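S.K.: Right, I'll just put the structure down here and ask away after.
The values are calculated or read from the model by the stated rules, or taken from the named source; none is laboratory data. Bear in mind that the values here come from a model prediction, so they are computed numbers and not experimental data. Note: ideal-geometry Cβ built from the backbone for every residue, glycine included; neighbour counts use all protein chains shown. Remember, those area values only see protein heavy atoms, side chains included, never the ligands or the DNA or RNA. Shrake-Rupley method; radii C 1.70, N 1.55, O 1.52, S 1.80 Å.
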Amino acid sequence: YMIAEYAWQLCDVLLLLAQQQPPIVHGAISPETILISEEGRQAILMHLPLLPPRETVGKIDDIGSSYRAPEQVHGIITPASDLYSLAATLYHAVTGSAPRERPPAFYPPARRLNGSVSQAMELILARQLRLTVAQRYNSPHEMMRDLAGLLESYATQSTRAVVPLQSSEMPLLSIEDEKGKQRDLQNIKIIVPTLIGILVVLGLLLVIILHT
């Protein structure tokens, strides 16, 4: 349940970044750039870029490179690349199988590796981890819609089960009350635009300093 909740929150952040002019691409989403708040109810994306990144080919010795989209590895970086990397990270979280343990861009059905994964989550990940961009979600909003449906299905169950994290790179999660969840969703929508504004101001100050 909580992994689906974190996925929704992070998609919301990616949606805000993609709506900027020009769109801001993180370019390095992996377990190393995602933190879970101390109370365990909010996912936080670290290392937000100051400016849109240039198209660069990922280094094979970079720890996070195995989470990157196939097109990004070949030098094309767009908001769609971030959504793929998020799905790759989520796949690692629910299955315990790191990308480096398998051939590049190879993701077996999640339920084959962890029977506790719901069929809906498996379908969401399978769609977003396809090799071709056109076959994936068109935007974070589309993925959020399916995640919202998944969260709603969990909410209707009398007993909620937590999908265990088997990766040593990410913390074990626990279920929190519904009221706290709604409050945190509102907080992240306030914090992210503010953070982006601060980064833009710092970037402008840097440009002014370099040209003086």
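S.K.: Those residues that are modelled with pLDDT of 85 or more, polar (S, T, N, Q) and part of a loop (DSSP other than H, G, I, E, B), I need them from the stretch 116-167; list them, please.
M.R.: SER116, SER118, THR132, ASN138, SER139
S.K.: Pull out all pairs, ordered by first then second residue, where Cβ-Cβ is under 8 Å, the residues are six or more apart or on different chains, the first lies in the stretch 97-125 and is more than 26 Å from ASN138 (Cβ to Cβ) and of a type in the set (A, V, I, L, M), and the second is open to solvent by 30 Å² or more (accessible area, probe 1.4 Å) and outside any loop (DSSP other than H, G, I, E, B).
M.R.: Once the first residue is more than 26 Å from ASN138 (Cβ to Cβ) and of a type in the set (A, V, I, L, M) and sits in the stretch 97-125, its partners that are open to solvent by 30 Å² or more (accessible area, probe 1.4 Å) and outside any loop (DSSP other than H, G, I, E, B) give ALA98/SER66.
S.K.: Now for a separate question. Kindly indicate whether GLU38 is more than 18 Å from GLU142 (Cβ to Cβ), among the acidic types (Asp, Glu) and at pLDDT 90 or above. Talk me through it step by step, then tell me what you get.
M.R.: Working: more than 18 Å from GLU142 (Cβ to Cβ): yes; among the acidic types (Asp, Glu): yes; at pLDDT 90 or above: no.
Here the answer is no, as GLU38 does not meet what is asked.
S.K.: Considering only residues that are open to solvent by 80 Å² or more (accessible area, probe 1.4 Å) and within 18 Å of the chain's Cα centre (by Cα), which ones fall in the stretch 107-134?
M.R.: LEU123, ARG130, LEU131
S.K.: Could you check ARG68 against (1) under 19 Å from ALA4 (Cβ atoms); (2) open to solvent by less than 50 Å² (accessible area, probe 1.4 Å) and say which number it fails?
M.R.: (1)
S.K.: Scan the stretch 15-37 residue by residue and report those that are within 29 Å of ARG100 (Cβ to Cβ) and among the polar types (S, T, N, Q).
M.R.: Once the filter is applied, which keeps residues that are within 29 Å of ARG100 (Cβ to Cβ) and among the polar types (S, T, N, Q), the stretch 15-37 yields SER30, THR33, SER37.
S.K.: Answer with yes or no whether MET170 is under 25 Å from GLU32 (Cβ atoms), surrounded by 14 or more Cβ atoms within 10 Å (Cβ to Cβ) and modelled with pLDDT under 95.
M.R.: Spelling it out, MET170 is indeed under 25 Å from GLU32 (Cβ atoms), surrounded by 14 or more Cβ atoms within 10 Å (Cβ to Cβ) and modelled with pLDDT under 95.
S.K.: Test GLU32 against the stated conditions and say whether it is at pLDDT 90 or above and open to solvent by less than 10 Å² (accessible area, probe 1.4 Å).
M.R.: no
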